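A.B. asks: Before we start, here is the structure in question, set down as structure tokens.
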Amino acid sequence: MLSVYEGFFSGGARILHSDVVLGLREGGQHHSVLSMHGEVHREATRQPMENDACYRSLTAAGVEVTSLGRSFGPTGGPTAFTGPELAATARATAAADVILSLKEQPLELLNQAGLPLRPVVVCLHRSDPENQGQALDELKAAVASGRIAACVCCAESTRVAYEAAGIPGELLHVIPNGVDLLRFRPDPARRVLLRSALGIPDQAPAVVFAARYATMKNVPLFLRAAQAWLRREPDGHVLMCGAGMTEANLALRADIADAFGDGSRLPRGLHLLGVRGDMETVYAAADVVALTSSSGEAAPLCLIEGMMCGAVPVATDVGDTAAIVAGHGIITPQDPEAIGEAWADALARRAEFGASMALSRERFSRTRMIAAYAALLDRVHQGMGAAPLPEAL
């Protein structure tokens, strides 16, 4: 199997896909990864491939990771693929039986003429295909050419959105996201460890927001909700982590100043943690995991990981969040006062929600997810064996 990434940078889809690759490798499949970009400048953060946690976990497990060496910055990246880039891609694809495309963006590369034809499984992680630029057109072109053997949708909202956008329903398969339940679990020791490091008292309420700094995440709404909540809960703490969630991000500092009315210093109780490699510890230290996205989400990994660590999910109604949160937390309108009130309600009902979340752990199991991916890939491979695709001329 060959997975093709647009690049290695912080984000739930890359974390999820990399975990799938590791799980399939553990099950006996051979996997390698080709990244279009060697470094990416996004969310006010320069992210070289070698510094990425997913890259490190894959290579540590023996997965071969190569790159075309491209660089993507604020003004974009190179457009036309060069001869050496296409030659490297041809070598990588020729060695694979099946290709996994992490989202539809790598199809710009895989649709290039002259590459060996291999069945492609596209892994889709959003609910707004119309906002993916030319990527949707590349997906449609790959479907029309017969390259696409299947599309994995991480949520029902993804399947519905892509079918409505013109992707044949028979290609769309829903495999809900799952997480490692041994890693993501309530852990009093981790809770004490991080709270002690951040100066958060044991009994102080804490809300975590795990997201990259992007428009779809609606960071200004989150900050206004945090201001409303902290106004009523002066002993509360708000943890913000992800790419761009640092003081070095001037846009984030402006958002904080707009929400709290003081641009000279960080508000008391607000912690900017940036990209973290120990999210199980961050979630264990929190009481509530918040999501304020306005679009794009399908099955947000932060909600699942946070819930499995004991944090009550409070989210806006986007993608499959209502189905994920049902019985375990609270869905809110996109109103800061209502969100702040919901955080308070979630804290008051944490024992009730915690019992419900404990009973639902298997539903969010990584083992279940990996088995479903393996079964689909086996079917694609067997189909390829029965009717081999011709080599491109």
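The values are calculated or read from the model by the stated rules, or taken from the named source; none is laboratory data. This structure is a prediction, so every number in the text was calculated from the model and none was measured. In this analysis, Cβ positions are derived from the backbone assuming ideal geometry, glycine residues included, and neighbour counts consider all displayed protein chains.
A.B. asks: Could you tell me which of the residues Glu163, Glu170, Glu130 is under 30 Å from Gly114 (Cα atoms), without any contact (Cβ under 8 Å) to a residue 12 or more places away in the chain and surrounded by fewer than 16 Cβ atoms within 10 Å (Cβ to Cβ)?
C.D. replies: Residue meeting the stated conditions: Glu170.
A.B. asks: Specify which of the listed residues (Ala355, Ala323) is more than 20 Å from the chain's Cα centre (by Cα) and surrounded by fewer than 20 Cβ atoms within 10 Å (Cβ to Cβ).
C.D. replies: Ala355
A.B. asks: Does Leu239 satisfy being under 21 Å from Thr158 (Cβ atoms) and either over 21 Å from the mean Cα position of the chain (by Cα) or buried (at least 24 other Cβ atoms within 10 Å of the Cβ) (or both)?
C.D. replies: When the stated conditions are applied, Leu239 does not pass them.
A.B. asks: Do you know which residues across segment 200-234 are polar (S, T, N, Q) and closer than 17 Å to Tyr283 by Cα?
C.D. replies: Selection gives Gln203 alone.
A.B. asks: I would also like to ask the following. Taking the condition of being among the basic types (Lys, Arg) and surrounded by 18 or more Cβ atoms within 10 Å (Cβ to Cβ), how many residues in segment 26-51 meet it?
C.D. replies: Of the residues in segment 26-51, 1 are among the basic types (Lys, Arg) and surrounded by 18 or more Cβ atoms within 10 Å (Cβ to Cβ).
A.B. asks: Thr82 fails exactly one of the following numbered conditions: (1) within 24 Å of Ala113 (Cα to Cα); (2) in contact with a helix residue (DSSP H, G or I) (Cβ under 8 Å, 6 or more places away or on another chain); (3) β-branched (Val, Ile, Thr). What is the number of that condition?
C.D. replies: (2)
A.B. asks: A follow-up question, please. Could you list all residues from segment 198-236 that are touching a helix residue (DSSP H, G or I) at 6+ places or on another chain (Cβ under 9 Å), surrounded by fewer than 18 Cβ atoms within 10 Å (Cβ to Cβ) and more than 19 Å from Ala254 (Cβ to Cβ)?
C.D. replies: Of everything in segment 198-236, those that are touching a helix residue (DSSP H, G or I) at 6+ places or on another chain (Cβ under 9 Å), surrounded by fewer than 18 Cβ atoms within 10 Å (Cβ to Cβ) and more than 19 Å from Ala254 (Cβ to Cβ) turn out to be Leu198, Pro201, Asp202, Ala204, Arg231, Arg232.
A.B. asks: Can you confirm whether segment 95-103 contains a residue that is at pLDDT 95 or above, under 18 Å from the mean Cα position of the chain (by Cα), closer than 20 Å to Ala142 by Cβ and assigned to a loop (DSSP other than H, G, I, E, B)?
C.D. replies: yes
A.B. asks: Filter segment 155-196 down to the residues that are within 19 Å of Val120 (Cα to Cα) and not in a loop (DSSP other than H, G, I, E, B) and list them by number.
C.D. replies: Result: Thr158, Arg159, Tyr162, Glu163, Gly169, Glu170, Leu171, Leu172, His173, Val174.
A.B. asks: Continuing with the same structure: Residues that are within 28 Å of Leu223 (Cβ to Cβ) and not hydrophobic (A, V, I, L, M, F, W, C): list the strands (runs of 3 or more DSSP E) wholly contained in segment 286-393 that include at least 2 such residues.
C.D. replies: Correct list: 312-316.
A.B. asks: May I pose another question? Any chance segment 78-98 includes a residue that's out of contact with any Lys or Arg (no Cβ under 9 Å at 6 or more places or on another chain), surrounded by 21 or more Cβ atoms within 10 Å (Cβ to Cβ), farther than 27 Å from Ala299 by Cα and of a type outside the set (Gly, Ala, Ser)?
C.D. replies: Yes, the conditions are met somewhere in segment 78-98.
A.B. asks: I've got another one for you. Consider Pro267 against the criteria (1) surrounded by 15 or more Cβ atoms within 10 Å (Cβ to Cβ); (2) at pLDDT 95 or above: it satisfies all of them except one. Which criterion is unmet?
C.D. replies: (2)
A.B. asks: Provide a single number: the residues in segment 24-63 that are part of a strand (DSSP E or B) and in contact (Cβ under 8 Å) with a residue 24 or more places away in the chain.
C.D. replies: Looking only at that region, the number is 13.
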